[in-house]
Amino acid sequence: MAELQVSTPAKINLHLEVLGLRPDGFHELAMVMQTLDLADNLSLRPTADGAVTLRCDRADLPTDGNNLIVKAAELIKQRVGLPELGVAMELTKRIPIGAGLAGGSSNGAAALVGLNTLWGCGFSSAQLSAMAAELGSDMPFCIDGGTQLCFGRGEVLESAGLAKPPSLGVLLIKHPDSSVSTPWAYKQCREQFGASYLSGEAEFEQRRRALRQAPLLTGLSGEGPLQEIRNDLQKVVEPEVASVREGLSILRRADAALAVSMSGSGPSMFALFADHEAATRAQQQLAAALEAAGFAFWVCRCTGSGATLV
Ligand code: C5P
């Protein structure tokens, strides 16, 4: 097979609830994740020298064995058991790095999906998801994307049952100089709220059931008003990170915003609008304030797919 291109989209969290601590030290979560039309591109060219290589147009992104793309390639190669398989990969970045948008996880998921085809491995989507879960909590979601409920560490997925992606417009912002460490955010959360964490499977399941029936999902399908968005990590990140406080305060000034939230562990933030046009008008309304404060910003649509061959 000749060269392949894979589109690797960003996600936002439309709900992020920390339920409790798990025996493995991770947090038990109840989330709704949503892919956007802001995407990186991963190109894959097969080689016969057994080498896995990655180049990227962003010099500040590691392209060695720490990159989830390289980890994914090595894992799938090991599982297929053919050491002679090689690939030369090139990543074109559009998703901001270290932003809470799952850019790295999505890139890793795209490598699994793309290499499964390029190398003719024949892994089922369940097998790809299991490999993705070994590499990162958000990675299985990034394979299929769309609107999904994510439980466990984030890797246990349920479709939100929407007939189509929400028609919402998204104004997404991130300060280029700001980043948040995900382990730090979870540690802060444990220190500040650990005493009130839920403690067992029965209580976790009660919250999952509540999320499945939540008005949030009716709001996303356009059948009801959109509720406020909950992100428990925002409670610990917003007081500590100045760019998050400033960004949220600018987004909250948008005339027609339905909801404003941080994504994941931040520091990216977004406002939701009834449609793409309303998000574009808000971008125009807020552009001067966002530029003055040094924010990068994007107007996005919600999509129904994850890592996709193009
Ligand atoms: O799985 P991933 O590599 O994305 O997780 C990064 C870090 O975030 C973990 O090492 C852990 O500190 C924290 N985390 C957590 N609970 C989760 C997901 C992530 O505590 N469900």
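The values are calculated or read from the model by the stated rules, or taken from the named source; none is laboratory data. None of the values given here were measured: they were computed from a predicted structure. Heads up, the Cβs are rebuilt from the backbone with ideal geometry, glycines too, and the neighbour counts pull from every protein chain shown. For accessibility, only protein heavy atoms count, side chains too; no ligands or nucleic acids. Shrake-Rupley method; radii C 1.70, N 1.55, O 1.52, S 1.80 Å.
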Q) Counting each DSSP H run of 4 or more residues in the chain as -39500 (n - 2.57), what helix-only mean residue ellipticity at 222 nm follows after dividing by all residues, to the nearest 500 deg cm²/dmol? A) -10500 deg cm²/dmol
Q: Quote the FRET efficiency, to the nearest 0.05, computed for Ala292 versus Ser124 with a Förster distance R0 of 41 Å and r equal to the Cβ-Cβ distance.
A: 0.20
Q. Which is the longest stretch in the chain that no exposed loop site breaks, taking sites as trypsin sites (Lys or Arg not before Pro) with a DSSP loop state and at most 15 other Cβ atoms within 10 Å?
A. 95-251
Q: Using only the Cα atoms of the range 169-301, build the gyration tensor, take square roots of its eigenvalues as a ≥ b ≥ c, and label the shape rounded, prolate or oblate: rounded if a/c is under 1.5, else prolate if a/b is larger than b/c, else oblate.
A: oblate
Q. Under a plain spin-label model, where a point goes 7 Å from the Cα along Cα-to-Cβ, how far apart in nm are Thr182 and Arg253?
A. 3.3
Q) Taking 0.36 nm per intervening residue step and subtracting the Cα-Cα distance, what contour gain separates Ala88 from Thr117 on full extension? A) 9.0 nm
Q: Over the Cα atoms of the chain, compute the convex hull volume and normalise it per residue, giving Å³.
A: 130
Q. Of Thr8, Thr182, which has the most accessible area with a 1.4 Å probe, and how do the rest follow in descending order?
A. Thr182, Thr8
Q | Karplus (6.51, -1.76, 1.60) ³J(HN,Hα), θ = phi - 60°, over the range 257-263, in Hz, Gly and Pro reported as x | A | 5, 8, 6, 9, 7, 7, 9
Q) Hey, if we sort Leu216, Leu68 by accessible area with the 1.4 Å probe, largest down, what's the order? A) Leu68, Leu216
(Q) Suppose the Debye formula is applied to equal point scatterers at every Cα of the range 60-176; what is log10 I(q)/I(0) at q = 0.12, 0.16, 0.22 Å⁻¹? (A) -0.48, -0.82, -1.31
Q. Which longest uninterrupted range of the chain lacks any GluC sites (Glu not before Pro) assigned by DSSP to a loop state (not H, G, I, E or B) and surrounded by at most 12 other Cβ atoms within 10 Å?
A. 85-222
Q.
So the label point goes 7 Å from the Cα of Asp49 along Cα→C-beta, right? Which residues of the range 85-128 then have their backbone N under 13 Å from it?
A. 86-89
